[in-house]
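First up is the structure itself, then whatever we jot down about it.
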Amino acid sequence: MTEKTLLQRYVHILTVVACYWFVSITLVFVNKSLLSGAEKLDAPLFVTCYQCIVTVAACYAIRTASRIFPDRISFPSLQLDIQVIKQVMPLSIVFVGMITFNNLCLKHVDISFYYIGRSLTTVFNVLMTYFILGQKTSLSAIACCGVIVGGFYLGVDQEDAAGSFSLSGTIYGILASLFVSLFSIYTKKVLPSVDGNIWALTFYNNVNACVLFLPLMVIFGEIPTVFNFQYLTSINFWFMMTIGGIFGFGIGYVTGLQIKVTSPLTHNISGTAKAAAQTVLATQWFMETKSFLWWLSNMVVLGGSLAYARVRQLEMKNNTPEKTVSKVMETSKDNSASEEENTLQKV
């Protein structure tokens, strides 16, 4: 019975990770088309804000469906609580920074370089864990971060040698990596404010984001750009915008769910591995030819990230008594997995 329960937990975790990969990769390709395609709109904040609006609308749609089919769909109440809005706001600010810099990076670089451009997430995770949580990191883990930084530098150098390097895109990628790390950490902190419910966190997070984006669009002058956009009445444009919004809704949920069923570190490692697969897919899709050193930089970053994960795994195993680990794992996994498994089965 215990073995079967353990297997179910592993299958649950692998399913969540696979969903995260699919939604995340699809969203990257859709956003790239919106920001750099034939009907591109030079207003990344508006594109991102629209995706947040679609997410809020999707939450209300699923909530309505849960009232019609209560036995098949479970969804929390969406009554806005000012206290919860305030508690979620710090995470929402980080969320706005994360998705904005993600889209700005994607706008200025190729999807194939997007991996390298955002490869410093693990490095920032170490730094933010120290400065925010006060947790120190071993020399072995720091050495792995050094390998990642080396791979990042080599990738930038090779992109420059190929003549496709974008300084602004690279800077946006570095900032995106910083905010991804912050988002992972703050998600764990904010989840108790919504009783650990990922749907509720997604709803409140995107409601706050819609409000935060409005002054930003005014400040950066995107309102006139949107009204003067030649494809503003194009059905295809709004279809792609809506598809991006739907997958934006999906990524908000599966990201929070992946962090909840694993950890902020595992989420970052999963994101790094996903980006590597995404790089290979992009080079094949766009028929790009890359040099040996360019591919080597990707392998160095991936190797450094995997080595870091292994080092941290061994450190936690050596520093935590086995019985305590077993007891904590059993309690925490039972509480978190049971709730989400019921939700996934109904939805």
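The values are calculated or read from the model by the stated rules, or taken from the named source; none is laboratory data. Not measured: the values here are computed from a predicted model. Cβ placement follows ideal geometry from the backbone for every residue including glycine, while neighbour counts extend to all protein chains displayed. Areas reflect the complete protein model, heavy atoms only, side chains present, ligands, DNA and RNA absent. Shrake-Rupley method; radii C 1.70, N 1.55, O 1.52, S 1.80 Å.
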Inset, instruction - Grab the alpha carbons of the chain, take their convex hull, and tell me the volume per residue in Å³. - result: 153
Legend entry - Inter-label distance for Thr15 and Gln83, nm, one decimal - labels placed 7 Å from Cα along Cα-to-Cβ: 3.4
Legend entry - 10 Å Cβ shell holding at most 13 others, DSSP loop, trypsin sites (Lys or Arg not before Pro): longest site-free stretch of the chain: 137-347
Legend entry - Out-of-range pairs (alpha-carbon distance over 31 Å; input Lys40/Lys189; Lys40/Lys290; Lys290/Lys317; Lys188/Lys317; Lys40/Lys260; Lys32/Lys260): Lys40/Lys189; Lys290/Lys317; Lys40/Lys260
Inset, instruction - Treating each Cα of segment 209-318 as an identical point scatterer and ignoring solvent, apply the Debye formula and state log10 I(q)/I(0) at q = 0.11, 0.17, 0.19 Å⁻¹. - result: -0.66, -1.07, -1.10
Inset, instruction - Give the residue from Ser24, Ile223, Leu80 lying farthest towards the positive end of the charge dipole for the chain; charges sit on Cβ (+1 for Lys and Arg, -1 for Asp and Glu) and the dipole is referred to the Cα centre. - result: Leu80
Legend entry - Relative contact order, percent, the chain [alpha-carbon distance under 8 Å, six or more residues apart]: 33
Inset, instruction - Take the solvent-accessible surface of the protein heavy atoms, probe 1.4 Å, and return the percent of it on the chain that carbon and sulfur atoms account for. - result: 66
Inset, instruction - Can you give me the span-like helices of the chain, meaning DSSP H runs with 24 Å or more of Cα extent along the axis and Kyte-Doolittle mean at or above -0.5? - result: 2-36, 44-68, 82-108, 139-161, 167-190, 198-219, 235-261, 264-285, 292-319
